[in-house]
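Enquirer: Before I ask anything, here is the structure I am working with.
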Amino acid sequence: MSLFCCPLCAAPLERAAGAYRCPGGHSFDIAKEGYVHLLPPNQKHSALPGDDREMVLARREFLSGGYYRLLLNTLCSRILALSGETPALLDAGCGEGWYTAGVAQALRAAGRRPQIAGTDISKFALRTAARREKGAEFAVASSYRLPLADGGVDVLLNCFSPLALEEFRRVLRPGGWFLYVVPGAEHLWEMKEILYDKPYPNEEKETPYEGFAYREIVPVDGTVLLERREDLQNLFRMTPYFWKTPRAGAERLAALDRLEVRTSFRVHVFEKL
């Protein structure tokens, strides 16, 4: 049985040859890459919502270089410590699936038998995710209308994606875990110094959320050396800075062949009450 539910009637979905089907007769075709589209037309706010092809390609190329491996290793160790033998895990806003695949592989390598799903609003991202991790199921869906049953998830991972608290509370079981990854104060500081005349640090705060208990905030800090112009540009394209940087700043960055930058993440770990 799939972790996914029908987005039209909320009945359980079952994966069959070429499609997901529910007892109510609704059917959703599986794309050739392996993902399914579970975003009804009335939940779409544009013809092609989410990250476009160019942003997905930049993120895929950058992450595949292993530059954020320290964060992935931290997520894997924390999720292994919090998971049982057969955890149900959702990566909400999974993008191109690099973290999803890494966590799935770590769980299986530890002898676990996970059931893993990833959702994202961008079909371009899920084309890569479904190719990357065949042992998970992926669906085009909004984090604010997750096609999953109430209380069916043991661990929910959210890396730099919209914080849909009401839905996260709904799909997590009592005692389940929510890992929320955000940038630290000085994340990519050296790049911001090049892009902006007056860069400012990211805000760091501890915000309690109704229905969750704070358990820890895990700092993940390091540095990466980018020695190719392509890697620098891919990093730039996958950040929000790409859309709001003055032309002069973007030109300064484009002129560089290499740059060492700080990476700084905070993993906020919550338990569902």
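Enquirer: What tally of residues in the stretch 73-114 results from selecting those that are in a loop (DSSP other than H, G, I, E, B) and hydroxyl-bearing (Ser, Thr, Tyr)?
Expert: 2
Enquirer: Taking the conditions exactly as written (assigned to a loop (DSSP other than H, G, I, E, B), over 21 Å from Trp177 (Cβ atoms) and in contact (Cβ under 8 Å) with a residue 60 or more places away in the chain), does Leu39 satisfy them or not?
Expert: Criteria met by Leu39.
Enquirer: Still on this structure, I have one more. How many residues are part of a loop (DSSP other than H, G, I, E, B) and over 28 Å from Val56 (Cα atoms) if we restrict to the stretch 146-188? Working first, answer last.
Expert: Filtering the stretch 146-188 down to residues part of a loop (DSSP other than H, G, I, E, B) leaves 146-147, 149-152, 160-164, 184-188.
This time we only want the ones that are over 28 Å from Val56 (Cα atoms), so: 149-152.
Residues that pass the stated criteria total 4.
Enquirer: State which residue is surrounded by the most Cβ atoms within 10 Å (Cβ to Cβ) when the search covers only the stretch 128-143 and only residues that are under 17 Å from Leu57 (Cα atoms) and not polar (S, T, N, Q).
Expert: Ala129
Enquirer: Restricting to the stretch 97-117, count the residues that are under 18 Å from Leu146 (Cα atoms) and under 16 Å from the mean Cα position of the chain (by Cα).
Expert: 4
Enquirer: Right, something else. Taking the stretch 185-199 as the search range and keeping residues that are of a type outside the set (Phe, Trp, Tyr), out of contact with any Leu (no Cβ under 8 Å at 6 or more places or on another chain) and touching a residue at least 60 places away in the same chain (Cβ under 8 Å), which one is surrounded by the fewest Cβ atoms within 10 Å (Cβ to Cβ)?
Expert: Ala185
Enquirer: Tally the residues that are free of Cβ contacts under 8 Å to residues at least 60 places away in the same chain and not small (Gly, Ala, Ser), restricting the search to the stretch 120-137.
Expert: The number of residues fulfilling the criteria is 2.
Enquirer: Here's a follow-up. Can we say Pro219 is surrounded by 11 or more Cβ atoms within 10 Å (Cβ to Cβ), within 18 Å of Arg59 (Cβ to Cβ) and touching a residue at least 24 places away in the same chain (Cβ under 8 Å)?
Expert: Judged against the criteria, Pro219 is not a match.
Enquirer: Follow-up question, since we're still on this one. Got at least one residue in the stretch 200-215 being outside any loop (DSSP other than H, G, I, E, B) and free of Cβ contacts under 8 Å to residues at least 60 places away in the same chain?
Expert: Scanning the stretch 200-215, I find at least one residue that is outside any loop (DSSP other than H, G, I, E, B) and free of Cβ contacts under 8 Å to residues at least 60 places away in the same chain, so the answer is yes.
Enquirer: Further question on the same structure: If I ask for residues that are assigned to a loop (DSSP other than H, G, I, E, B) and at pLDDT 95 or above, which ones from the stretch 3-22 would you list? Quick ask: steps written out before the conclusion?
Expert: At the first step, the residues of the stretch 3-22 found to be assigned to a loop (DSSP other than H, G, I, E, B) are 3, 6-11, 13, 17-18, 22.
Those that are assigned to a loop (DSSP other than H, G, I, E, B) and at pLDDT 95 or above: Leu3, Cys6, Pro7, Leu8, Cys9, Ala10, Ala11, Leu13, Cys22.
Enquirer: Please go through (1) surrounded by fewer than 17 Cβ atoms within 10 Å (Cβ to Cβ); (2) under 18 Å from the mean Cα position of the chain (by Cα) for Val182 and return the number of the only condition it doesn't satisfy.
Expert: Result: Val182 passes all but (1).
Enquirer: Out of (1) under 30 Å from Leu273 (Cα atoms); (2) at pLDDT 95 or above; (3) surrounded by fewer than 15 Cβ atoms within 10 Å (Cβ to Cβ), what's the single condition that is false for Tyr209?
Expert: (3)
Enquirer: Mind counting the residues in the stretch 118-131 that are basic (Lys, Arg) and within 11 Å of the chain's Cα centre (by Cα)?
Expert: 0
Enquirer: For Glu61, only one of the following conditions fails: (1) at pLDDT below 95; (2) within 30 Å of Ser264 (Cβ to Cβ); (3) crowded, with 16+ Cβ neighbours inside 10 Å. What is its number?
Expert: Going through (1) at pLDDT below 95; (2) within 30 Å of Ser264 (Cβ to Cβ); (3) crowded, with 16+ Cβ neighbours inside 10 Å one by one, Glu61 breaks only (1).
Enquirer: Which residue, of Ser83, Ser27, Ser77, is of a type in the set (S, T, N, Q) and farther than 23 Å from Val153 by Cβ?
Expert: Going through Ser83, Ser27, Ser77 in turn, the sole match is Ser27.
The values are calculated or read from the model by the stated rules, or taken from the named source; none is laboratory data. The structure presented is a predicted model; accordingly, all values stated were derived computationally and were not measured. Glycine gets a Cβ as well: all are built from the backbone with ideal geometry, and neighbour counts include every protein chain shown.
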